[in-house]
Amino acid sequence: MQLGSRRIIDLTYRLTADFPLFPVYDPIRVADKFTIGEQGFYVRSWSFDEHCGTHVDSPAHFSDDRDTVDRIPPEELVLEVAVLDVSERAARDHDLLVSPDDVLAWETKHGPLPERCALFVHTGWGSRVHDAAAYLNADEGGTMHTPGFGPELTEFLKDERPGVRGIGLDTGNLDAGFNTAYPAHTSWLPSGRWGIENLANLSDVPPRGATVVVGVPPVEKGSGFPARVLAFVE
């Protein structure tokens, strides 16, 4: 889709009752409540936990004293976006931890990260999204094997690249699946920054130069919420 000279890339998956969910969450339930044929208007009833589909993790998700999703400042939700592609390595290493070296290699090729930006990681995991078992990739013991942000990277970004205000990727977990202590979450979110999980179409976004708009509803006291995430590319 075009908007003037800019191309719009939708980074959002359609929310459906069978979208793959992190195992601790209840199933998504949806049903017709009113129909054109019976009541003359159309309404559906939804029930879901806050962290489903393409969604934002607010700083409060892992901290008692940080912003809930309704308190994230609007200027933190419209940012230049840098896209780091690790898809070839993730295809070989399902437990891949994205590291500071990956950012430094990106900067060698594309220049310094923008002064204020979001950093999104393209792992290629979106090719699995229509198969919940493959997307979660759990072994016989229930441990999931999906790539994610290493805590060394989140600490590096906070200390060395503080202009990075949000991170996101195309898996269901900011952390690698085996990291059940959630070190990237506990490092990143309590710093007052946000994360996004289950991003779509990152392969269509250039490494730098696009602008991302994170359309998350201001849900009162929300730990997170599904969002429409759009990238604008010149």
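The values are calculated or read from the model by the stated rules, or taken from the named source; none is laboratory data. Note that this is a predicted model, so its numbers are computed, not measured. So basically every Cβ, Gly included, is an ideal-geometry build from the backbone, and we count neighbours across all protein chains shown. Heavy atoms of the whole protein, side chains included, go into the accessibility calculation; ligands, DNA and RNA do not. Shrake-Rupley method; radii C 1.70, N 1.55, O 1.52, S 1.80 Å.
Count Lys and Arg as plus one, Asp and Glu as minus one, and take only other residues whose Cβ is under 12 Å from that of residue 116; the net charge is then -1. Note that segment 175-184 has calculated 3J(HN,Hα) couplings of 7, 4, x, 6, 7, 6, 8, 6, x, 5 Hz, one per residue in order, obtained from phi through the Karplus relation 6.51 cos²θ - 1.76 cosθ + 1.60 (θ = phi - 60°); glycine and proline are x.
Within the accessible surface of the chain, defined with a 1.4 Å probe on protein heavy atoms only, the carbon and sulfur portion equals 50 percent.
Local charge for residue 90 was computed over the other residues whose Cβ lies under 13 Å away, with Lys and Arg +1 and Asp and Glu -1, and equals -3.
Around residue 233, what is the net charge, scoring Lys/Arg as +1 and Asp/Glu as -1 over all other residues with Cβ under 14 Å from its Cβ? Local net charge: -1.
If only the Cβ of Lys and Arg carry +1 and only the Cβ of Asp and Glu carry -1, the dipole of segment 137-234 around its Cα centre is close to 420 debye. For residue 7, the accessible surface of its heavy atoms amounts to roughly 100 Å² (probe 1.4 Å, protein chains only, rounded to the nearest 10). For segment 1-122, the relative contact order works out to 18 percent when only alpha carbon pairs closer than 8 Å and six or more residues apart are counted.
By DSSP, the beta bridges lying fully in the chain are antiparallel in about 65 percent of cases. Rounded to the nearest 20 debye, the dipole magnitude of the chain is 660 debye, with +1 charges on Lys and Arg beta carbons, -1 on Asp and Glu beta carbons, and the Cα centre as origin. Computed from the C-beta positions of residue 186 and residue 107, the FRET efficiency with R₀ = 22 Å rounds to 0.30.
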